[in-house]
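To keep things clear, I will list the structure first and then write my remarks on it.
The values are calculated or read from the model by the stated rules, or taken from the named source; none is laboratory data. All values derive from a computational prediction rather than experimental measurement. Heads up, the Cβs are rebuilt from the backbone with ideal geometry, glycines too, and the neighbour counts pull from every protein chain shown.
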């Protein structure tokens, strides 16, 4: 009798947003069991969180250091096997480093670290330990984006010429951070978020989406970052011209002041033979537009899919909408499969398991550094 | 330290569709733990299912009778507390009856039973035992339908005049049942499905949706049921004129031969002061159309919601799509809350917990009987 | 040097709705020139209308009788050639009859007459005179519906099984007729509209659309007509089960009290091999759903069209939306081509010119009579 | 008895695209009559065009010079009053200049001229003559964009922060110009199109739309223009960062190689208090998103409109789609009204008549010059 993968969590106290999302994502497929956590710097909150999650109170730890050290002492068939890190950006690197160095696999929220330097350092540790490291770039978990990636990779659209990728939000249209709203508070604080708010938080999602779907690296950026809300210390909007390694051109823009927008990340890719479109708002559809042909709508779970990845990451028949949490869960499930494979002796190459890894984290941090630099210089910079 | 609600499952062997859906729904919110099951009449399959689900092999039972009797013998803090029934229609009544009579709460797939007579009998047992009984009419789990129900109840649309409710599918456009496809096989078999295929399987969803959202009972039906696929023994399409207790009129149609349709159940309701629209394909939007006003789009997690039920059944901020599995999970979660309340001494009235109960099952079976009768008579019948 | 077709108009005074639409439709393609009119029973209004339309005041006639008689006396190369009738229903038959009997072709608004008896009488006159008679069932002018008709006719969907056709409006949700609103006034008046308001005005559009697109006659109806607004003398809503000559079944519903709805006439047709969908709101798209294939979206002016009729009735490249007025204009243009052909010696068969003729009018009036009868009897009736 | 405005046309021979569009636009509202033309440099084609349009063959002129001079000799109540110019870009200036200098009002296709220098020269002539000059920036004719402009002007969105405007097309994804396709041929030819293909043809539409709707001037651009199709001499794609006079930022991109795209020009504007969205594909809807409010959908002809301009430029009740040709017709109709006003003694200020004038042409040509310069320099330039 095998058992679920046992997970500990760093961050995700009872009133956090993303911690709850990670727990749902871990729950959905019944592959992972949350067994312990260091949920908050506030011990009362950690205790309350553990209680709400039906955890053994002895496994609600005051600090991540404590969690890692104590869990290590537990019998192998009881102790946690993986650590999920869901803290603000400035608190990713230390727990990830310590977890890996103590033999625990890691699944970490994005952006991967506070700075590019940390990300590069972390990559070394991942490589050295050979453990599984997953980065929760959620959108790559959507089946229709996996299909899009496959279609482009296999030449359906021909050589790629143009990419438009957007992440519009409106939730920071006012200075929400002064109201005590927790999410706004740390994201707009340079000490916790890093050198960028909008580009770090959601620009990286857009960058990741573009590179994931096209399989191409961005090589040059010309960015115009803005802070529209008075008193805010970091950018809340950014428009970026992009150039890709193969000569393709594009536009990437992300915003937290696009009033009225929810989270409608979307992408359009055009090649010599056709184009495609996807948006989170209608995540179960992928629009394929081949030259001289009627538009086709591919659907999650529907007919005419070419990739194996799309159906493999789908749970229910077409027309029963899967969404954000299922996309997120695909990362957790595939991470769990990789960990299980590791336990069965597979080392060092987890690409076939289809989840974002440390290299995606490096790209994201590089992107943030370069768009900030470009915007300051008012000029194109190489990436 | 409290613990998750412990659940056993009847049906849902490894290759079943709806069993897996129930398990995901039970997993999502971390309120319920699957501890045992009688997954199949085939013991090998039951064993394999238990194994795939990381269950204790000793708790994979050959029959539901065995499961109920053996679990009852386990210590109270270990044994299952609720039974989930996910078998074909003809195998709902017996396990539900036995579970209830042995003190286990029940959550059951729809339609509630094989026949109206069984449903009425089951209602008596539920009443007598005072236990929690939930019926998984999934669509009532959608936040935007809870909002719709609330808006109508509180008079936003004025007196209701017209209802259009549809459930179009195309998956039985060919005689799939002869290919060995398991879902098609039993649904088209009068011995397992009952007197109707289309109306029993999805017509009941449409009927439930109409009565749930409007808060009105259908009182008369005039039905035209058809079997379009040669050799099929039950209806695969049905069109029904409906009349409601308050004088409202409407149309209900469901189909399994609407080629190309996925599962786009949808409803439109019109009253003296305005109308509303909802469809599963865009489940996170609710369109409100008040006379002499621009159309408004309410959104899951978005601004301007009036009900408490919609936000209470939402997990993530607006724009991160929730879907079918989350709607299903809302029923499981609310059922779990009711069971917990029962354990804390609340008896006999679980309406505030907001999930479909045995009365919805009775209405569904009555609807099936009456539309079959109406179609045979080619005439209106009272319901 | 040939010239435009010269047209006279009956009805369409300055504040009428549909008269202005007919004039725009006649103008668009530059094939027709309005030269005279009997626009109103009020001579002042007729004069003002002629003035606003830059007509010769001598050709603004007090009555249609006067117009027909006086124009007949003009030189052949000057006098009107066709008469457009845009009056309320009770004033269609007489001017149509007199125009035809005096050698003028006729284009007439729908429903064709006040009663079925009149329609049958009119058909005899059309046949006897051999002149061109067009009925402005606008929706058949949409290119994507012409494509739909062609695809069904040539077997793309296989044998047709199910049809859903709807015409929801909300403009009569209140008793607008008591406010002096002209359109509401006559449509709800049995003396001018006939035996039905909703079914006569828009139910006939739905019926026409279903028969046009499928090429099948409706043979049985079971209708439930209602008058929801107090004091109103005719129906303002109707739900109808329909059966077609080939065994197909369907639902037709039309409403003037579906609060918030504009004019979103729409149709879905399902056959053995696939289905299709069209709605006026997105009139330039036709959704094709073939079994086991991704959905395809055909577009006005776009690639992949099979019919000749669709491109022949399109003016601008794909993506420049054409709409209601262009659909209407297609009827006028094709009527003009038929008249020109008649002048060149083609008689008696104008089917190839692709516009609705007197037979569509007969079908519409028969439909109205039968749904009224069915609703009164509360039973199915043959049609 | 007044009469229609008499119009002559330069260009628009029988196989041209935009000439036919201008004629339809001029026809729709019955305000304008085409009386003569110099349709082509090929006299046979001019003759055939005149014939197809039922014109007097004596008024089919071999050259625009001939047309202007000969028409001037006709009696005042017979000769043309306005000239419509629908030739390629390099043939706008000369006929416009000559028409104006001979007392004829002008309506001209965009971009206004071949170069900025010509545009500036033309503005002087317009000013000097005091005649009416209209530029057919079609999209400003859409009622919902007039509403958008009004809402922004009256502060509904607060101070504007961000603008995203796009014009994606795919029709030049291959080297169509080598196939003899006329539209592709001249647009990709620097001698006839000017210094830009994509930016001149449709980038100017996007620029015009952004400045029209926001009422703000673009003051800086950073452009990345590309030629993706081998052998092509001008740009077929362009991505531009933009900055506005009030500090707003934005993105403008236009493309002729976005394979699969039709003509879906669209705009999104975000201010401190809310945002709005419009796209040509659904031109009769305007999405309004106010902070902390549900999204509202305003509709052509629908309730809740604030501007007078939207209803004034609408012909039919909500739900009967108007489209591109009606938007175009709004420019012609408003131009006709201005000409009639001129004839009634109003001079020099036609702003209230609501159509694009020479200043919009200057802005467009300036935009083209500056994006070409910016792209060459790989840097921001002031505009």
Checklist entry - Looking at the stretch A:168-187, is at least one residue outside any strand (DSSP E or B), in contact with a strand residue (DSSP E or B) (Cβ under 8 Å, 6 or more places away or on another chain) and surrounded by fewer than 21 Cβ atoms within 10 Å (Cβ to Cβ)? => result no
Checklist entry - How do the pairs read when you match residues in the stretch D:86-107 that are at positive phi with residues anywhere that are in a helix (DSSP H, G or I), using Cβ under 9 Å and keeping only pairs 6 or more apart or on different chains? => result D:103/D:72; D:103/D:129
Item to check | Sole residue being out of contact with any strand residue (DSSP E or B) (no Cβ under 8 Å at 6 or more places or on another chain) and at pLDDT 95 or above, chosen from C:221, C:229 | outcome: C:229
Next on the checklist: What's the number of the only condition in (1) in contact with a helix residue (DSSP H, G or I) (Cβ under 8 Å, 6 or more places away or on another chain); (2) surrounded by fewer than 24 Cβ atoms within 10 Å (Cβ to Cβ) that residue C:132 fails to meet?
Outcome noted: (2)
Next on the checklist: I need every pair where a residue in the stretch C:66-80 that is assigned by TED's automatic domain parsing to the domain that holds residue C:56 has its Cβ under 6 Å from the Cβ of a residue that is surrounded by 13 or more Cβ atoms within 10 Å (Cβ to Cβ) and in a loop (DSSP other than H, G, I, E, B), sequence separation at least 6 or different chains.
Outcome noted: C:67/C:61; C:68/C:102; C:71/C:79; C:71/C:80; C:72/C:102
Next on the checklist: If a residue counts only when it is within 10 Å of chain D (Cβ to nearest Cβ), in contact with a helix residue (DSSP H, G or I) (Cβ under 9 Å, 6 or more places away or on another chain) and closer than 26 Å to residue D:295 by Cβ, which strands (runs of 3 or more DSSP E) contained entirely in the stretch A:226-277 have at least 2 such residues?
Outcome noted: A:237-244, A:249-255
Checklist entry - What number of residues within the stretch B:120-164 satisfy the criterion of being more than 18 Å from the chain's Cα centre (by Cα) and assigned to a strand (DSSP E or B)? => result 5
Item to check | So residue B:30, is it in the same structural domain as residue B:112 (by TED's automatic domain parsing), in contact (Cβ under 8 Å) with a residue 12 or more places away in the chain and within 30 Å of residue B:194 (Cα to Cα) | outcome: no
Item to check | Where a residue in the stretch A:231-249 is surrounded by fewer than 20 Cβ atoms within 10 Å (Cβ to Cβ) and its partner, wherever it lies, is outside any loop (DSSP other than H, G, I, E, B), with Cβ under 7 Å and at least six apart | outcome: A:233/A:190; A:245/A:219; A:246/A:160
Checklist outcome for this item: Only one of (1) surrounded by 15 or more Cβ atoms within 10 Å (Cβ to Cβ); (2) within 21 Å of the chain's Cα centre (by Cα) does not apply to residue B:312, and that is (1)
Item to check | Extreme residue, nearest to the chain's Cα centre (by Cα), among residues of the stretch C:278-292 that are without any contact (Cβ under 8 Å) to a residue 12 or more places away in the chain and within 13 Å of chain B (Cβ to nearest Cβ) | outcome: C:287
Next on the checklist: Condition (residue is more than 14 Å from chain C (Cβ to nearest Cβ), at pLDDT 95 or above, surrounded by fewer than 24 Cβ atoms within 10 Å (Cβ to Cβ) and out of contact with any strand residue (DSSP E or B) (no Cβ under 9 Å at 6 or more places or on another chain)) applied to the stretch B:327-336: is it met by at least one residue?
Outcome noted: no
Checklist entry - For the stretch A:293-326, how many residues meet the condition of being in a strand (DSSP E or B) and within 14 Å of chain D (Cβ to nearest Cβ)? => result 4
Item to check | Residue that is surrounded by the most Cβ atoms within 10 Å (Cβ to Cβ), among those in the stretch B:369-383 that are within 14 Å of chain C (Cβ to nearest Cβ) and outside any loop (DSSP other than H, G, I, E, B) | outcome: B:371
Item to check | Which numbered condition residue D:366 fails, given (1) in contact (Cβ under 8 Å) with a residue 60 or more places away in the chain; (2) part of a loop (DSSP other than H, G, I, E, B) | outcome: (2)
Next on the checklist: When you check residue A:215 against the structure, is it at pLDDT 95 or above, away from every other protein chain (no Cβ under 13 Å), on the phi > 0 side of the Ramachandran plot and over 21 Å from the mean Cα position of the chain (by Cα), yes or no?
Outcome noted: no
Next on the checklist: Being surrounded by fewer than 20 Cβ atoms within 10 Å (Cβ to Cβ), closer than 30 Å to residue D:240 by Cα and either at pLDDT 95 or above or over 18 Å from the mean Cα position of the chain (by Cα) (or both) is the filter here; which residues of the stretch D:340-362 pass it?
Outcome noted: D:359, D:362
